[in-house]
Amino acid sequence: MYILMVIVAVLTVLVFVGWLGLQVQPTPFPDYPQTTATPLKTVPLRAGLPKPVDRFFRQTYGDRVPLIETAVLTGRATIRPVGSVNLPARYRFTHVAGKGYRHYIEACWFGMPFLKINESYLDGNSLIDIPIIGTDSGPKVEQAANLGMWAESWQLPELLVTDPRVRWEPIDDDSAMMIVPFKDGKEDRFLVRFDPESGQQTWTESMRYQKSNSADKTLWMTHADTYGVLGGYKLNTIGSVTWMSDGKPWATFKLEDVSYNVDVASYVRSRGL
């Protein structure tokens, strides 16, 4: 009995220490060494946009929108890559606007990284590399990555009305269909919802493969939780991502630093920070 009590006590302490370590938020990554070059070039807002889309962009930028070619997005997050345990994390997402990206994420315990995630979608090819869990790639992962790239583009939203490959179709006063390019001339679609009072973009919904061995697509949703000012523009600074099959966010991202139109030619093809 005594030995059993000791074992229970030790396990309780270990569980508590494990839980405590997950309550410590990591320090953010340092800012990207290059900052946004100002002023950014601008172009007139595209004509003929659906009503809620036009409203969103006019209240965000006015009659002219900036031209964004690259973006480096840095912040902290809570992620749940597997199971039900939420892990504190920090991240850096590097985008060549509308063409590809690299994700680097560190999940942390007591603020120290223990799981380093590298993902990329470059030249139409996608690779996910998560230690212990393994790697994944292939056509279905590429479809998922392409949707992820365009969903993340709401943090450089002007791309969605300056890239001629992106098309918009009206639905009603508070929603519209966004059609984005994929490889080999294919396209994908997002249902985009806007808040009827504030005019801010709130939800995107699309059908996305979860893994390379997924038999069917699953409804995948992103939600703009909070807006704030970064880089001189009002952006979605806190957002969450949910698979409908799961029913709750598997990740919440807090954007803390953004750099536009900086040199990422080598950085986007590297690994780690």
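The values are calculated or read from the model by the stated rules, or taken from the named source; none is laboratory data. Computed from a predicted model, the values in this text were never measured in an experiment. Ideal geometry is used to build each Cβ from the backbone, glycine not excepted, and the neighbour counts take in all protein chains shown.
Brief remarks follow.
- Members of the stretch 86-119 found to be in contact with a helix residue (DSSP H, G or I) (Cβ under 8 Å, 6 or more places away or on another chain) and not β-branched (V, I, T), listed by number: F93, H95, A97, G98, G100, Y101, R102, W109, F110, E119
- Of all residues in the stretch 247-271 being within 17 Å of the chain's Cα centre (by Cα) and not in a strand (DSSP E or B), the one that is surrounded by the fewest Cβ atoms within 10 Å (Cβ to Cβ): K248
- Applying a threshold of 8 Å to beta carbon distances and a minimum spacing of six or more residues, or different chains, the list of pairs starting in the stretch 41-56 at a residue that is within 19 Å of K234 (Cβ to Cβ) and at pLDDT below 95 and ending at one that is small (G, A, S) and in a helix (DSSP H, G or I) is empty.
- Test: D173 is modelled with pLDDT of 90 or more, buried (at least 17 other Cβ atoms within 10 Å of the Cβ), farther than 18 Å from V241 by Cβ and of a type in the set (D, E, K, R): no
- None of T74, T38 is under 27 Å from Y104 (Cα atoms) and modelled with pLDDT of 95 or more except T74.
- Only one entry in L230, L255, L235 is at pLDDT below 95 and under 17 Å from Y91 (Cα atoms), namely L230.
- Evaluation of T202 against the conditions (1) under 17 Å from the mean Cα position of the chain (by Cα); (2) not in a strand (DSSP E or B) shows that the sole unmet condition is (2).
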